[in-house]
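The values are calculated or read from the model by the stated rules, or taken from the named source; none is laboratory data. None of the values given here were measured: they were computed from a predicted structure. Because the Cβ atoms are built from the backbone with ideal geometry, glycine has one as well, and the counts that use them run over all protein chains shown.
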């Protein structure tokens with residue numbers, strides 16, 4: 001990810017969730033954690049699309065766990081935040097914090 005490339009809102013949410021879940025970061029757990037924090041449902045396909053895209057960018061890595069009987073013998077793919085992803089999150093937070101610094105927004109003052 002280049003210095004001039006910024007994370008989108010959903011990418012930030014997914015990366016932060018992977019960081020929060022640590023070793024339990026697999027597709028459905030990521031989705032459930034996000035839904036718990038944003039208060040609405042999201043499509044699992046959106047989560048996997050974001051995970052795949054960010055893995056290609058080197059922000060995340062993944063590994064397939066052992067098959068489990070609960071999943072009919074299927075294995076889970078676990079995701080891990082990489083240093084590049086942590087740096088992208090740090091930069092995003094820095095940019096947003098800088099923009100918010102000293103700013104007060106009153107929704108009633110806007111048309």
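Only one of 16, 60 is at negative phi, without any contact (Cβ under 8 Å) to a residue 60 or more places away in the chain and touching a helix residue (DSSP H, G or I) at 6+ places or on another chain (Cβ under 7 Å); which? Lay out the reasoning, then the answer.
Working: 16 fails: without any contact (Cβ under 8 Å) to a residue 60 or more places away in the chain.
Just one listed residue meets the conditions, 60.
Take the conditions (1) touching a strand residue (DSSP E or B) at 6+ places or on another chain (Cβ under 9 Å); (2) in contact (Cβ under 8 Å) with a residue 40 or more places away in the chain; (3) under 25 Å from residue 96 (Cβ atoms); residue 82 misses just one of them, which is (2). For segment 42-53, state whether one or more residues are out of contact with any helix residue (DSSP H, G or I) (no Cβ under 8 Å at 6 or more places or on another chain), assigned to a loop (DSSP other than H, G, I, E, B), surrounded by 13 or more Cβ atoms within 10 Å (Cβ to Cβ) and without any contact (Cβ under 8 Å) to a residue 24 or more places away in the chain. Checking segment 42-53: not a single residue is out of contact with any helix residue (DSSP H, G or I) (no Cβ under 8 Å at 6 or more places or on another chain), assigned to a loop (DSSP other than H, G, I, E, B), surrounded by 13 or more Cβ atoms within 10 Å (Cβ to Cβ) and without any contact (Cβ under 8 Å) to a residue 24 or more places away in the chain.
Of all residues in segment 65-89 being in a helix (DSSP H, G or I) and farther than 19 Å from residue 53 by Cα, which is modelled with the lowest pLDDT?
Within segment 65-89, the first condition is being in a helix (DSSP H, G or I), and the residues that meet it are 69-71, 83-89.
Of the ones still in play, those that are also farther than 19 Å from residue 53 by Cα are 69-71.
Numbers: 69: 76, 70: 72, 71: 63.
Only one residue tops the list, namely 71.
Every residue, every condition in (1) surrounded by fewer than 17 Cβ atoms within 10 Å (Cβ to Cβ); (2) under 8 Å from the mean Cα position of the chain (by Cα); (3) part of a helix (DSSP H, G or I); (4) at pLDDT below 95, yes or no:
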residue	(1), (2), (3), (4)
2	yes, no, no, yes
5	yes, no, no, yes
18	no, yes, yes, no
22	yes, no, yes, no
31	no, no, yes, no
34	no, no, yes, no
